[in-house]
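Data first, discussion second: the structure below is written as structure tokens.
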């Protein structure tokens, strides 16, 4: 659709570019208004740059364009058209009414966008832990892998699984298991940098993605993190541990799908060998020979 193409174009533009586009649209509409004369008003079309600025550049920018559009209309109506009103305050009243109309439209758009963004975040967030869900994690991780691959940067993916979670469920029940997962989610979230992401990928399975992190940095982080998690479980009296599979990549061919396969394979190696371990792999090449 045309609107989809327009949205795809605008969403990738910088703030300065959006403002420039809106200024150009505003100037074009003002010029058309002058050409048509005051008898055929096109003032309603000022809503186009107002809507674009509010949606893609933010509420305050939208308000600025509301004020600018109303001021331009007033300037055109009186000094340019020299439109005569019996009441000298009429043009200012009309300009104020237009400004109010523009502001109402802008506020409705800003409100709509805010709620759409909230719903979008909720659709990509796990209700129990507050981390990303599978969809949210996959979307963000694919973008981060793409950037890392293009610039040949280090990136590390970890898959984490709660050991003996089934026994925990049998002994303590669903409610206590949910609290355990919430605690794990909070500990993961607290350990993340601003650039890191984490998600709940299954009932007791989690994934953590660390951009700009090599194998050496990952080993230090995840060994300490597993110990910290285990101590937290001991505080609550929960008889569980954690197994992790961690893969660090630095390759222009790095991609999420292959990294997940390697990390999962490492994770299940740990479980097969007695659990409560962190297994690492470094994949600088083309991922030939995935661990079994």
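Structural remarks
- Residue among 133, 152 that is in contact (Cβ under 8 Å) with a residue 24 or more places away in the chain and either within 29 Å of residue 55 (Cβ to Cβ) or assigned by TED's automatic domain parsing to the domain that holds residue 43 (or both): 133
- Exactly one residue among 181, 192, 229 is more than 16 Å from residue 126 (Cβ to Cβ) and modelled with pLDDT of 90 or more, and that residue is 229.
- Test result for residue 244, touching a strand residue (DSSP E or B) at 6+ places or on another chain (Cβ under 9 Å), part of a helix (DSSP H, G or I) and closer than 16 Å to residue 218 by Cα: no
- Residues that are surrounded by fewer than 18 Cβ atoms within 10 Å (Cβ to Cβ) and in a helix (DSSP H, G or I), drawn from segment 115-137: 115, 116, 117, 118, 119, 120, 121, 122, 123, 134, 135
- Segment 210-225, residues that are assigned to a helix (DSSP H, G or I) and without any contact (Cβ under 8 Å) to a residue 60 or more places away in the chain: 216, 220, 221, 223, 224, 225
- The helices (runs of 4 or more DSSP H) found wholly in segment 1-81 and carrying at least 2 residues that are within 18 Å of residue 100 (Cβ to Cβ) occupy 47-57, 59-75.
- Yes/no for residue 124 being in contact with a helix residue (DSSP H, G or I) (Cβ under 8 Å, 6 or more places away or on another chain) and either closer than 21 Å to residue 66 by Cβ or modelled with pLDDT of 95 or more (or both): no
- Single residue of 109, 99 found to be touching a residue at least 40 places away in the same chain (Cβ under 8 Å), crowded, with 16+ Cβ neighbours inside 10 Å and not assigned by TED's automatic domain parsing to the domain that holds residue 192: 109
- Cβ-Cβ under 8 Å pairs, at least 6 apart or on other chains, segment 261-276 side on the phi < 0 side of the Ramachandran plot, far side surrounded by 16 or more Cβ atoms within 10 Å (Cβ to Cβ) and in a loop (DSSP other than H, G, I, E, B): 262/287; 262/291; 265/291; 266/291; 269/291; 270/276; 270/277
Results for (1) assigned to a helix (DSSP H, G or I); (2) closer than 19 Å to residue 227 by Cβ; (3) out of contact with any strand residue (DSSP E or B) (no Cβ under 8 Å at 6 or more places or on another chain), shown as yes or no for each residue.
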{"position": "145", "(1), (2), (3)": "yes, no, no"}
{"position": "152", "(1), (2), (3)": "no, no, yes"}
{"position": "158", "(1), (2), (3)": "no, yes, no"}
{"position": "166", "(1), (2), (3)": "yes, no, yes"}
{"position": "176", "(1), (2), (3)": "yes, no, yes"}
{"position": "180", "(1), (2), (3)": "yes, yes, no"}
{"position": "198", "(1), (2), (3)": "no, yes, no"}
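The values are calculated or read from the model by the stated rules, or taken from the named source; none is laboratory data. Remember, predicted model here, so these are calculated numbers, not experimental data. All Cβ positions, glycine included, derive from the backbone under ideal geometry; neighbour counts span all protein chains shown.
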